[in-house]
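These notes concern the structure reproduced below.
The values are calculated or read from the model by the stated rules, or taken from the named source; none is laboratory data. This one's a predicted model, so the numbers in the text were calculated from it and none came from an experiment. Glycine also receives a Cβ, built like all others from the backbone with ideal geometry; neighbour counts cover every protein chain displayed.
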């Protein structure tokens, strides 16, 4: 084969990883759009059904309503409630989605589980908790703490930006207020840190020359 063929092969090898990287980002963004679409479709059905679906939210310490941990992030008390969660969900979710659909789903799953379980355990009895605000808190704390566990400058800088823009709102929404579950916010935030620790990329060890072996010390 001639030199031209070699250049073509080299170009193909360069383009393939680039395509794969952008494909992963596109998959992540599509997954985020899908999650938001589910929330809005569920809310539309909920309105048409006189908000009966909200009964499937988190009912604290009710064994029969444990599945509410799964359903609650997709249920909202009104379109206003949904919109107030959708905006930060999308803003923070886009950043996570750029790491791929798998990363977005893993972070969302960990955060929703920790937030839901914590709410189920300590929220006041006789209440029903719905909404994605716990997941939003988890997204924020995941982005804030991710750089600490990954030890990457870009992620640390991004975490600082998230803390600057969302920090005051996060602290305010942790204060107990009537009709708002600070428990979901608190445990969602804890879930975000857990997700950052659990999904941290392993650090690379020292590079060694190819073929090098460790020899015992001579005594």
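Based on what the data block shows, is residue 158 in contact (Cβ under 8 Å) with a residue 40 or more places away in the chain, buried (at least 19 other Cβ atoms within 10 Å of the Cβ) and under 16 Å from the mean Cα position of the chain (by Cα)? Considered against the rule, which asks whether it is in contact (Cβ under 8 Å) with a residue 40 or more places away in the chain, buried (at least 19 other Cβ atoms within 10 Å of the Cβ) and under 16 Å from the mean Cα position of the chain (by Cα), residue 158 comes out as no.
Applying the set (1) farther than 16 Å from residue 129 by Cβ; (2) touching a helix residue (DSSP H, G or I) at 6+ places or on another chain (Cβ under 6 Å) to residue 60 leaves exactly one unmet item: (1).
For the stretch 114-154, the set of residues classified as without any contact (Cβ under 8 Å) to a residue 12 or more places away in the chain and crowded, with 21+ Cβ neighbours inside 10 Å is empty.
Conditions (1) at pLDDT 95 or above; (2) in contact with a strand residue (DSSP E or B) (Cβ under 8 Å, 6 or more places away or on another chain); (3) closer than 19 Å to residue 74 by Cβ, marked per residue:
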| residue | (1), (2), (3) |
| --- | --- |
| 119 | yes, yes, yes |
| 141 | yes, no, no |
| 175 | no, no, no |
| 185 | yes, no, yes |
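Screening residue 106 against (1) surrounded by fewer than 16 Cβ atoms within 10 Å (Cβ to Cβ); (2) part of a helix (DSSP H, G or I) leaves a single unmet condition, (1). Applying a threshold of 8 Å to beta carbon distances and a minimum spacing of six or more residues, or different chains, the list of pairs starting in the stretch 83-109 at a residue that is in contact (Cβ under 8 Å) with a residue 24 or more places away in the chain and ending at one that is in a loop (DSSP other than H, G, I, E, B) and surrounded by fewer than 19 Cβ atoms within 10 Å (Cβ to Cβ) reads 103/199; 106/199; 107/199. Within the stretch 145-160, can one find any residue that is under 30 Å from residue 78 (Cα atoms) and either out of contact with any helix residue (DSSP H, G or I) (no Cβ under 7 Å at 6 or more places or on another chain) or at pLDDT 95 or above (or both)? Within the stretch 145-160, none of the residues are under 30 Å from residue 78 (Cα atoms) and either out of contact with any helix residue (DSSP H, G or I) (no Cβ under 7 Å at 6 or more places or on another chain) or at pLDDT 95 or above (or both). Taking (1) at pLDDT 95 or above; (2) surrounded by fewer than 20 Cβ atoms within 10 Å (Cβ to Cβ); (3) in a helix (DSSP H, G or I) in turn, residue 64 satisfies each apart from (1).
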